[in-house]
Amino acid sequence: MEKDLAGKTAVVTGASRGLGVHMALRLARAGALVAVNYASDEAAANDTVRRIEAEGGEAFPVQAKLGGEAESMKLVAATEAEFTRRTGQGGLDILVNNIGGGDYAPITNITEELYDQEMSNNLRGAFFLTRAFYDKINDFGRVINISSVGARLTDPNIIVYTMAKSALNAFTRVMAQDLGKRGITVNSLGPGFTAGPTNDYIATDPEAAKTVTDVTALDRFGQPEEIADMVYAIASPLGRWMTAQNIEASGGFKL
Ligand SMILES: NC(=O)c1ccc[n+]([C@@H]2O[C@H](COP(=O)([O-])OP(=O)(O)OC[C@H]3O[C@@H](n4cnc5c(N)ncnc54)[C@H](OP(=O)(O)O)[C@@H]3O)[C@@H](O)[C@H]2O)c1
């Protein structure tokens with residue numbers, strides 16, 4: 001596997017479970033030193049680090065419950081110190097804003113608490129962490145915001161998720177303009193239904209799974225490694241001329 005991210009530093013938020021684990025593994029496999037962020041599950045984050053190290057890669061865990069300024073600043077300080085200790089420079093090359101997710105609820109069932117929680121995970125997390133890293137992202141770096149195919153859907157049952165991810169895509173475009181003068185690209189990557197803990201309850205129920213695959217052009221669930229490959233593709237030197245885009249990796253969901 002090509003080590004074209006050797007010497008690069010990366011942060012993957014929410015890399016103790018789900019898609020983030022595979023993103024961290026993939027970037028480390030390409031040679032990046034990866035900060036594995038988690039909110040509460042320290043053992044799972046350590047497990048991600050162990051898996052990376054077992055493959056000969058370099059990573060370390062960093063706890064921060066993202067969504068606001070203070071925890072974002074804490075993550076920046078911790079990663080800067082560890083990057084400096086390991087590489088001699090504290091700057092960040094690749095920021096993957098991965099935390100997010102949504103509950104199924106139509107507008108009439110959305111409480112203020114649920115609304116705030118979904119906006120926090122899907123939008124505030126990326127906003128405040130990117131802001132905290134603003135001056136620390138190295139020239140020609142990458143910001144990759146994990147969005148969702150849900151951003152373009154009109155399913156009333158994911159209304160807040162759709163709103164939050166659409167706003168995240170708008171954030172992507174504005175930040176691409178802002179950071180572009182430093183050669184930094186900013187893109188959104190929108191997965192569709194992907195195998196893993198979030199969707200196990202659907203993927204393992206043949207009838208429910210069929211409702212997904214029937215409206216997916218490639219007729220199956222995605223694999224987390226396929227989302228991670230897209231993150232790597234954007235982060236790699238091959239991605240240098242693409243910015244301000246929302247790239248869906250959904251196998252063609254509800255085209
Ligand atoms: N899975 C899919 O099919 C799919 C489809 C479309 C889009 N996406 C998007 O892909 C991203 C990842 O989804 P996923 O299904 O892999 O998520 P997940 O399995 O729910 O993973 C959650 C991860 O995020 C961490 N986390 C949660 N809240 C956090 C916070 N406030 N601060 C820091 N870490 C936090 C968790 O850490 P702890 O374990 O420590 O709590 C865990 O590592 C999300 O943005 C989601 O919207 C996923």
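The values are calculated or read from the model by the stated rules, or taken from the named source; none is laboratory data. Note that the coordinates shown come from a computational prediction; the quantities given were computed from them, not determined experimentally. Cβ coordinates were reconstructed from backbone atoms using ideal geometry, including for glycine residues, and neighbour counts include every protein chain displayed.
For residues that are of a type in the set (A, V, I, L, M, F, W, C) and part of a loop (DSSP other than H, G, I, E, B), scanning just segment 13-41, find the one that is farthest from the ligand (Cβ to nearest atom). If you could, list the steps in order and put the result at the bottom.
The initial filter retains those residues of segment 13-41 that are of a type in the set (A, V, I, L, M, F, W, C), namely 15, 19, 21, 23-25, 27-28, 30, 32-36, 39.
Then drop every residue that is not part of a loop (DSSP other than H, G, I, E, B), which leaves 15, 30, 32, 39.
Values: A15: 6, A30: 20, A32: 18, A39: 4 Å.
Checking each candidate, the answer is A30.
Note on segment 221-241: residues that are away from the ligand (no atom under 13 Å from the Cβ) and either of a type in the set (K, R) or surrounded by 14 or more Cβ atoms within 10 Å (Cβ to Cβ) (or both) amount to 8.
E225 satisfies every condition listed in (1) at pLDDT 95 or above; (2) assigned to a helix (DSSP H, G or I); (3) within 28 Å of I110 (Cβ to Cβ) except (3). Of all residues being aliphatic (A, V, I, L, M) and in a loop (DSSP other than H, G, I, E, B) in segment 86-127, which is farthest from N169 (Cα to Cα)? Just the residue, please. Here the residue is I110.
Could you run through segment 87-102 and say how many residues are over 15 Å from the mean Cα position of the chain (by Cα) and not hydrophobic (A, V, I, L, M, F, W, C)?
Of the residues in segment 87-102, the ones over 15 Å from the mean Cα position of the chain (by Cα) are 87-92.
Those left that are additionally not hydrophobic (A, V, I, L, M, F, W, C): 87-91.
Of the residues in that region, 5 qualify.
For I158, the requirement of being free of Cβ contacts under 8 Å to residues at least 40 places away in the same chain, surrounded by fewer than 22 Cβ atoms within 10 Å (Cβ to Cβ) and within 13 Å of the ligand (Cβ to nearest atom) is not met. Looking across segment 3-12, the residues that are more than 13 Å from the ligand (Cβ to nearest atom) and touching a residue at least 40 places away in the same chain (Cβ under 8 Å) come down to D4, L5, G7, K8, T9, A10. Is it the case that G251 is in contact with a strand residue (DSSP E or B) (Cβ under 8 Å, 6 or more places away or on another chain), assigned to a loop (DSSP other than H, G, I, E, B), buried (at least 20 other Cβ atoms within 10 Å of the Cβ) and at pLDDT 95 or above? Spelling it out, G251 is indeed in contact with a strand residue (DSSP E or B) (Cβ under 8 Å, 6 or more places away or on another chain), assigned to a loop (DSSP other than H, G, I, E, B), buried (at least 20 other Cβ atoms within 10 Å of the Cβ) and at pLDDT 95 or above.
Restricted to segment 184-214, and to residues that are in a loop (DSSP other than H, G, I, E, B) and loosely packed, with under 15 Cβ neighbours inside 10 Å, which residue is nearest to the ligand (Cβ to nearest atom)? Lay out the reasoning, then the answer.
Kept after step one, since they are in a loop (DSSP other than H, G, I, E, B), are these residues of segment 184-214: 184, 192-193, 195-199, 204-205, 214.
Still in the running and loosely packed, with under 15 Cβ neighbours inside 10 Å: 197, 204-205, 214.
Details: P197: 5, T204: 14, D205: 15, D214: 17 Å.
Taking the candidates together, the pick is P197.
Checked against (1) more than 18 Å from the chain's Cα centre (by Cα); (2) within 14 Å of the ligand (Cβ to nearest atom), P106 passes all but condition (2).
Out of all the residues in segment 46-53, is one or more over 21 Å from G196 (Cβ atoms), more than 12 Å from the ligand (Cβ to nearest atom) and not aromatic (F, W, Y)? Break it down stepwise before answering.
Within segment 46-53, the subset over 21 Å from G196 (Cβ atoms) is 53.
So of that shortlist, the ones also more than 12 Å from the ligand (Cβ to nearest atom) come out as 53.
Right, trim to not aromatic (F, W, Y) and you get 53.
There is at least one residue in segment 46-53 that is over 21 Å from G196 (Cβ atoms), more than 12 Å from the ligand (Cβ to nearest atom) and not aromatic (F, W, Y).
On inspection, T130 does not qualify as of a type outside the set (D, E), over 20 Å from the mean Cα position of the chain (by Cα), in a helix (DSSP H, G or I) and at pLDDT 95 or above.
Are any of the residues in segment 76-90 within 20 Å of G196 (Cβ to Cβ), among the polar types (S, T, N, Q) and crowded, with 19+ Cβ neighbours inside 10 Å?
Filtering segment 76-90 down to residues within 20 Å of G196 (Cβ to Cβ) leaves none.
Among the residues of segment 76-90, not one is within 20 Å of G196 (Cβ to Cβ), among the polar types (S, T, N, Q) and crowded, with 19+ Cβ neighbours inside 10 Å, which makes the answer no.
Go through the residues of segment 65-83 one by one and say whether even a single one is under 19 Å from the mean Cα position of the chain (by Cα), more than 14 Å from the ligand (Cβ to nearest atom), outside any helix (DSSP H, G or I) and at negative phi. No; the residues of segment 65-83 include none that is under 19 Å from the mean Cα position of the chain (by Cα), more than 14 Å from the ligand (Cβ to nearest atom), outside any helix (DSSP H, G or I) and at negative phi.
For segment 42-64, how many residues are farther than 20 Å from K136 by Cα and either part of a strand (DSSP E or B) or in contact (Cβ under 8 Å) with a residue 12 or more places away in the chain (or both)?
Residues of segment 42-64 farther than 20 Å from K136 by Cα: 42-58.
So of that shortlist, the ones also either part of a strand (DSSP E or B) or in contact (Cβ under 8 Å) with a residue 12 or more places away in the chain (or both) come out as 42, 44-49, 51-52, 55, 57-58.
Within segment 42-64, residues that are farther than 20 Å from K136 by Cα and either part of a strand (DSSP E or B) or in contact (Cβ under 8 Å) with a residue 12 or more places away in the chain (or both) number 12.
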